[in-house]
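Comments concern the structure below.
Bear in mind that the values in this text are calculations on the coordinates, not laboratory data. The shown structure was predicted, so the numbers you read here are calculated from the model rather than taken from an experiment. Methodologically, a virtual Cβ is constructed for each residue, glycine included, from the backbone with ideal geometry; neighbour enumeration extends over all protein chains shown.
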Amino acid sequence: MDDRTCAACDCELETDIITVTLGGRAVEVCCQDCALLLGEAQAAIAGSEA
């Protein structure tokens, strides 16, 4: 069995997987909330590097 987990919350991925690109790499999340969290985290990191 393929044990894939959400990149944001580590929950097991079901059928409604969302793919988000972070730093040029595609990661999978379980829901829209997790996708938004990762996007906000990336924006915060990008803002601190400026």
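Pick out the one residue from 3, 33 that is surrounded by fewer than 16 Cβ atoms within 10 Å (Cβ to Cβ) and part of a loop (DSSP other than H, G, I, E, B).
Answer to the selection: 3.
Can you tell which of 24, 39 is surrounded by 10 or more Cβ atoms within 10 Å (Cβ to Cβ) and without any contact (Cβ under 8 Å) to a residue 40 or more places away in the chain?
None of the others qualify; the one that does is 39.
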